[in-house]
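Below is one structure, written out as structure tokens, with a few remarks after it.
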Amino acid sequence: MGVNFWGVVHGCRAFLPHLLGGGHIVNTASIAGLYPGFSPAYDASKHAVVAISEGLFGMLDLAGLPVGVSVLCPGWVRTGIDDADRNWPAVLGDRPPPAPSAAVVEPHVRRAIDEDATPAYIADAVTDAVQAGRFWVIPQQEFLDLAVRRWHTIADRSDPTAFEQTPGMPPRDQIVAEVMAALGL
């Protein structure tokens with residue numbers, strides 16, 4: 001939350017006063033901000049970024065200020081996120097071992113990240129959105145399709161369920177079987 005949520009809040013607070021004559025803010029969320037299921041805490045932080053961005057977009061529009069706002073919601077991107085443990089604060093002692101499910105899923109996530117979008121591709125999508133004045137920046141169509149399917153379940157008042165496959169990952173049944181095996185079940 002300190003980086004994913006508060007980083008965006010502090011960034012908006014710091015830069016917005018300098019943009020009031022005209023400019024554009026791009027906040028980085030994740031597809032997890034629209035399609036949860038990656039990790040509850042991560043999903044919550046990314047949902048918060050989407051909400052902050054959309055709220056700011058609405059407020060600036062209502063005030064008639066010439067400041068655009070976009071929110072970037074990418075899927076897999078090579079950013080180093082899969083090596084974030086390198087930032088574990090020493091004052092917290094040894095990092096706890098990962099949950100068995102995380103140990104199973106991590107290699108699949110690393111592979112998906114390695115095989116998917118490059119940061120340059122994402123930068124191009126952001127540039128296009130800013131030039132067009134669009135709010136949403138969702139560069140990978142397959143993730144956008146999942147988010148839309150999720151919102152259809154909400155519109156139908158259906159309970160949330162995991163989809164059979166997240167782009168870049170093995171089928172859900174395979175992951176479940178691997179987690180069960182890791183747990184000795």
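Bear in mind that the values in this text are calculations on the coordinates, not laboratory data. Everything numeric in this text was worked out from a predicted model, so none of it was measured. As a convention, Cβ positions derive from the backbone with ideal geometry for all residues, glycine included, and neighbour counts pool all protein chains shown.
Worth pointing out:
- Distance between modelled label sites at A155 and R111, nm, 7 Å Cα→Cβ extension: 3.5
- For the options A123, A90, A147, a Gaussian network treatment of the chain with springs between C-alpha atoms closer than 10 Å singles out A90 as fluctuating the most.
- Considering only Cα atoms, the convex hull volume of the stretch 94-185 works out to 163 Å³ per residue.
- Computed extension gain for L62 through D145, at 0.36 nm per residue and net of the alpha carbon distance, reaches 26.9 nm.
- Among the trypsin sites (Lys or Arg not before Pro) in the stretch 88-149, those located in a DSSP loop and surrounded by at most 16 other Cβ atoms within 10 Å of their own Cβ are R134.
- On Cα atoms only, tilt of 119-132 relative to the major axis of the chain in degrees: 30
- Potential lengthening between A90 and D173 on full extension [0.36 nm per residue; Cα-Cα distance subtracted]: 26.1 nm
- Counted residue by residue at 0.36 nm each, then reduced by the alpha carbon distance between them, the extension gain from A181 to Q131 reaches 13.1 nm.
- Given charges at Cβ of Lys, Arg, Asp, Glu: the chain dipole, positive-most of P170, I154, V91: V91
- For the stretch 94-109, Karplus couplings with θ = phi - 60° (6.51, -1.76, 1.60), whole Hz, Gly/Pro x: 5, 5, x, x, x, 5, x, 5, 5, 5, 6, 6, 3, x, 5, 5
- Residues R13 and F38, FRET efficiency given R0 of 30 Å [Cβ-Cβ distance, rounded to 0.05]: 0.65
- At q = 0.14 Å⁻¹, base-10 log of I(q)/I(0) for the chain (Debye sum, equal scatterers on each alpha carbon): -0.90
- Between Y121 and E54, the C-beta separation translates, for a Förster distance of 22 Å, into a calculated FRET efficiency of about 0.35.
- T28 long-range amide H proximity, modeled H, under 5 Å: L72
- Under 12 Å, Cβ to Cβ, from F135 - net charge with Lys/Arg +1 and Asp/Glu -1: -1
- Student exercise, the chain dipole from Lys, Arg, Asp, Glu Cβ charges, in Debye to nearest 20: 460
- Computed over the chain, the per-residue total of -39500 (n - 2.57) for DSSP H runs of n ≥ 4 gives a 222 nm mean residue ellipticity of -17000 deg cm²/dmol, rounded to 500.
- Fluctuation leader among V67, V130, V91 - the chain, Gaussian network, Cα springs under 10 angstrom: V91
- Charge-dipole axis of the stretch 1-152 as Lys and Arg at +1 and Asp and Glu at -1 on Cβ define it, positive-most pick from A29, V9, I113: V9
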